[in-house]
Each structure stands twice: as C-alpha cells, then as structure tokens.
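Presented below is the structure to which this report refers.
Taken together, the values in this text are just the output of simple stated rules run on the coordinates, not laboratory data. Quantities reported herein were computed from a predicted structural model and do not represent experimental measurements. Here Cβ is always computed from backbone atoms with ideal geometry, including for glycine, and neighbour counts include all displayed protein chains.
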Amino acid sequence: AHLNPTMEEGAALRPAACRAKGGAPGFKVAVVGAAGGIGQSLSLLMKMNPLVSVLHLYDVVNTPGVTADVSHMDTSAVVRGFIGQQQLEAALTGMDLVIIPAGLPRKPGMTRDDLFNKNAGIVRSICEGVAKSCPNAIVNLISNPVNSTVPIAAEVFKRAGTYCPKRLLGVTTLDVARANTFVAEVLGVDPREVNVPVVGGHAGVTILPLLSQVSPPCSFTPDEISYLTNRIQNGGTEVVEAKAGAGSATLSMAFAAAKFADACLRGMRGDAGIVECSYVASEVTELPFFASKVRLGRGGAEEILPLGPLNDFERAGLEKAKKELSESIQKGVSFMNK
Ligand code: NAD
Ligand code: LMR
C-alpha cells in the first residue's frame, strides 16, 4: 500500500528473469512530514544521497504529488509515498533512519514554545509509530520546540520499551550552519572552512555558540562576540520575520537536516571520526538532555563529547541556557505523564 504504483507498472512489463537485479545497497530512510516546507526540499536532498537505497515519504496531506515528483529524479533511491495515519505503519516498517520535520511552524511574534500544544501530540503519535514499526531506527527529530519534543519522544520510547538514547537525536545543525555562516562573514572567509560548536538547545538563549572554540582558531572583539551570539540565537526569528507569516526556515533547514542525516548514515556505515552537534540524552551537564558535539557511529550517538573549556561569557550563557532548558524538558516529560 503505497502511492506510486507506476513504479511497479514499469517493472511488471518484463519477466523478473529478464531484468537486471538493480537495487543499490544502502539505507532505508523515511521523511515524516514530507509534503511540508522542510519536508519537500529534504525529500529532494535525500533522493540525491547515494547512501539511500529506499526513500519513504509520509505526510497526512499532499504526499502523492511530492512522491510522483521526487520519484522521477534519476538517482538510485527507490521512492514510495504514504498518506494518512493508516499508512504510517507501512511507511515506517523496515526503516533504518526516520527524519521528522512534521508539525506547525512559527509566525512572527511566536516563540518555539508556542508551538508546543499542537506539535507535542504530533510528535507523540509519530514516535508511537516508530516504536511499533521500526523500533531500531535512528530518529532525527526536527519538529519544534526541539527542547521539549526530544524528551517527549524519549518518554514514548520508554513506555514502549524500545528506548535507546543513542538512537534519538534532536537536530540542531541549522544553529551550527548559521554560526558558521555569520562567523565566516565577520572573518571574511569561506563558511565551509569554519566550524563553530553550538551547544545547549534549540531556542533563544539555550542556543549557545562556543566562539572560544571556533575552528580554525581565531579571536573576536567583545563587540563581535555580542553581535555573533545575538545573531546566532535569533537566526530563526530573523527568517520568521522576513517570511512575514509564511512560515519559518525551510530551505536552510532542509540543507542542514540533509547534512546531519548524511553524517548519521556515514556513521551507521561505520565511517570513523564523524562528529556533529546534536540535542541528545546527556551527562555533560546535570540536565537529562543537552546539545553538544557527539560522535556518530553504527548505533547512532555513540559518544557524547565534553563541552571543553568555556570562557566567563560562555559560562554565564550556560547558566541561562540551563535554566530555560530545564523548564522545557520538564514540560515535555509532564505532557507524557498527564
Ligand atoms: P510546514 O507546515 O510547511 O510542514 C509541516 C508538515 O507536517 C505539513 O506538510 C503537515 O501536513 C505535516 N504534518 C502535520 N501533522 C503530521 C503528522 N501527524 N504526521 C506527519 N506529518 C504531519 O512546516 P515546516 O516549515 O516544514 O516546519 C516543520 C517543523 O519543523 C516545525 O515545527 C518547525 O518549527 C520545525 N523547524 C525546526 C527546525 C530545527 O532547527 N530543528 C528548523 C526549522 C523548522
Ligand atoms: C529555526 O531555527 O529556524 C527553527 O527552529 C524555526 C523557528 O521557529 O525559528
């Protein structure tokens, strides 16, 4: 039961014995929320990824068109579409990686937390599907507010008895992409040469760029630090305001999610030395979840790396971040215990 039977029609014209074996080796990946602003571009980018052999596109609306469209790209991944709750199980069965950009985006004047009431339930029902149909899949969770939706997902998996902290990753790659871009603008270099660790969480003051740990090593004036920290923490709001009611970041987010998913897939393949920032279950601070550099491997976040030395400004930022994060985590956990 999927939405592009045309694929099977072509294949059915020849007897199996007369057809090439086909089927490139690779991972099975699902995009949940595939017809949305992020979902469409992300589906395009995942169809371009040579590590993907099967790409399942799921949404509650509009998946047939997105599926037909993406399936005509002449890259190796086989694309199948699924629509509505009754097809969630088929969409998720057998998946190695599930990427979730489902849920409402912000409008001007809203915080990410204002999305909680709508998106908490969406994330819960999708994660219940994951627990049932692909309990060993690695999950990349994009839906906001990430600081609360990751704890919600963890609670769902705990209840289902499938929770493995290594396999649940909140996507904060866009914060790193923004930090790299804005730092490169200040330095006058190519952003691809810059790597800024961004730790904490994914909302306002919880987004903590570690400008003292930029690679390659460089130093900033107090004015530059203040400008960069502000711009990185408010990057999402900058896009929400520029879109003026038409949503939040979708294109840069799809790019960031595709980059993060590719890093996960390379880790799953066994590549060494894959390190990305992500919001995960963590013992780096006293909080149960925290974003920091993680080493990605066959089982997901194999190792959570320490924060490294912070300067006074960053230590003060960390205290502010922890206060807000703690409340957002508690809100997610309470939602599941209601
Ligand atoms: P959008 O409204 O364009 O798309 C969301 C899609 O989710 C829609 O197609 C909708 O039909 C689908 N959806 C709703 N309920 C669903 C369900 N139960 N199952 C499957 N799909 C469902 O929104 P968008 O701009 O693509 O943003 C999606 C989410 O990502 C928002 O919550 C947004 O805040 C968040 N976001 C996170 C980051 C990040 O850095 N983590 C960045 C940008 C956006
Ligand atoms: C972002 O950082 O762009 C996303 O979290 C979307 C938003 O609401 O800002």
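For the chain, a simple Cβ point-charge model (Lys and Arg +1, Asp and Glu -1, everything else neutral) yields a dipole of about 920 debye relative to the Cα centre. Angle of helix 251-269 to the longest C-alpha principal axis of the chain, folded into 0 to 90 degrees and rounded to 10: 70°.
Residue-wise HN-Hα couplings along the stretch 288-298, as the Karplus relation 6.51 cos²θ - 1.76 cosθ + 1.60 with θ = phi - 60° gives them from phi, are x, 10, 6, 8, 7, 5, 10, 8, 8, x, 4 Hz; Gly and Pro carry x. Only the Cβ atoms of Lys and Arg (+1) and of Asp and Glu (-1) were treated as charged; on that basis the dipole of the stretch 139-245 about its Cα centre amounts to roughly 640 debye. In order along the stretch 66-72, the phi-based Karplus estimate (6.51 cos²θ - 1.76 cosθ + 1.60, θ = phi - 60°) of 3J(HN,Hα) comes to 4, 5, 4, 5, 5, 5, 7 Hz; Gly and Pro are listed as x. Placing pseudo-labels 7 Å out from each Cα toward the beta carbon at residue 323 and residue 311 gives an inter-label distance of 2.3 nm. Note that the stretch 80-157 shows a convex hull volume over its alpha carbon atoms of 90 Å³ per residue. Straight-line cross-link partners of residue 331 among the lysines, defined as a Cα under 16 Å from its Cα and at least 8 positions apart when in the same chain: 118, 322, 323. Here, the stretch 1-151 has an Rg and a Dmax of 16.2, 61 Å when only alpha carbons are counted. From the square roots a ≥ b ≥ c of the eigenvalues of the alpha-carbon gyration tensor of the stretch 35-99, which class results: rounded (a/c under 1.5), prolate (a/b over b/c), or oblate? Because a/c hits 1.5 or more and a/b fails to exceed b/c, the stretch 35-99 counts as oblate. Along the axis of the charge dipole computed for the stretch 11-87 (Cβ charges of +1 for Lys and Arg, -1 for Asp and Glu, origin at the Cα centre), the listed residues 75, 42, 85 are led at the positive end by 75.
Taking one quarter of the surface of the C-alpha convex hull of the stretch 79-210 gives a mean projected area of 9.9 nm². Let a ≥ b ≥ c be the square roots of the eigenvalues of the Cα gyration tensor of the chain; is it rounded (a/c under 1.5), or, if not, prolate (a/b larger than b/c) or oblate? Here the chain falls in the prolate category. Listed values for the stretch 194-209 are Karplus-derived 3J(HN,Hα) couplings in whole Hz (6.51 cos²θ - 1.76 cosθ + 1.60, θ = phi - 60°), namely 10, 9, 10, x, 10, 10, x, x, 10, 5, x, 5, 6, 7, 10, x, and x replaces Gly and Pro. Distant-in-sequence amide contacts of residue 276, defined by a placed amide H-H separation under 5 Å and a gap of 5 or more residues or a different chain, comprise 294, 296.
Using all pairs of distinct alpha-carbon atoms, the Kirkwood hydrodynamic radius of the stretch 201-299 works out to 15.7 angstrom. Taking amide H as placed 1.01 Å from N in the peptide plane, the amide H of residue 52 sits under 5 Å from that of 27, each at least 5 places away or on another chain.
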